Every structure is written in C-alpha cells, then in structure tokens.
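The values are calculated or read from the model by the stated rules, or taken from the named source; none is laboratory data. As the structure is a computational prediction, the values presented were derived from the model and not from experiment. Cβ sites come from the backbone with ideal geometry, for glycine too, and all protein chains shown count toward neighbours.
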Amino acid sequence: MYQFSRAIYRELAPMVARSPVHGEVRPRDQAHVLRCCEAAVERLVTDRHYFARPARSLFNDIRSYFPMGSQIQVFRVVSHYLDLAQEFAARQPRAGYDANGDPLVCRATTRKGTPCQRTPLPHNGYCPSHQHLAATEDTEAIAA
Ligand SMILES: [Zn+2]
C-alpha cells in the first residue's frame, strides 16, 4: 500500500509552500505532508468501512501547507491516488480468507491423511497444533 502514499507525496512535495521568510521549503512541512498521506492510506486499508470521504479528509489535513494557487491540483492528486488505493484495498482478501473468499485452512495433513481444517496462523499457514511443521520447513530451507 505504501506505493500510494509515496505516489501522492512525490507529486505534492514540489508544491509545498515556501516559507514567506526564507523563501525555501521547510523539511518539517514536507515531513508533515508525508505523514498525513501515510496515515490516510493506512486508514484506508485497515478501517476503510468507517473512513468517510478519505480524499476530503486528507486534503483538509494538508491543504494549509500549499499555496492558494495549488489547492485544486492538490485535491486532484489526493483524490486520484486515494481512489486507486480504495479500489486496491477492496480487491484484497479479508484476513483469514483467500483471494476467492474461502476460509484459509491449515496446510498440514492429519494422521488420517485428510487435510487439517483448523484456522492457520497468518505468519506460516499452520494451525497451533501443526506449528512444528513450519519449524521443520525452516530447518530444511537453511540446509538447502
Ligand atoms: Zn493443522
């Protein structure tokens, strides 16, 4: 997902308002804009059903860092990439389900020779009773 916040930031960074005193862009301002972009994309992924109008929300967070003349362009960039991020997030499988919407099951085979039906842990795909198989795999991978 970070490609979306980076893409937004890449386009917005050159537009960040210059300091009226020194005439240069303050790194602190750019860092703030980047953090806001990352937070918005992060929230789209983790909380998208409760995140109303993400583009409007991010734009409101960062608009004061841009000159008046850039506001429309800033909003266009923000809504373009957040739309893409939303489509992308909507295509991702739910936690515990595969890309077809079927529940994930443990990768192990039981002693009876049937596939284990228990819910796997996300980091290795094995249920708690079959964790030792993941450890064996790691050892084999190191040996190979
Ligand atoms: Zn299992």
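Do the conditions hold for Val74, that is, is it over 16 Å from the mean Cα position of the chain (by Cα) and closer than 19 Å to Arg6 by Cβ?
In short, yes.
Would you pick out the residues in the stretch 5-38 that are outside any loop (DSSP other than H, G, I, E, B), surrounded by 15 or more Cβ atoms within 10 Å (Cβ to Cβ) and modelled with pLDDT under 90?
The answer is Val25, and nothing else.
Quick check on this structure: which one of Phe51, Phe66 is within 30 Å of His123 (Cβ to Cβ) and either surrounded by fewer than 12 Cβ atoms within 10 Å (Cβ to Cβ) or of a type outside the set (A, V, I, L, M) (or both)?
Unique residue meeting the criteria: Phe51.
List every residue pair whose Cβ atoms lie under 7 Å apart, where the two residues are 6 or more positions apart in sequence or sit on different chains, the first residue falls within the stretch 5-23 and is assigned by TED's automatic domain parsing to the domain that holds Ile72, and the second residue, located anywhere, is surrounded by 15 or more Cβ atoms within 10 Å (Cβ to Cβ) and of a type in the set (Gly, Ala, Ser).
Hits for this filter: Met15/Ser70.
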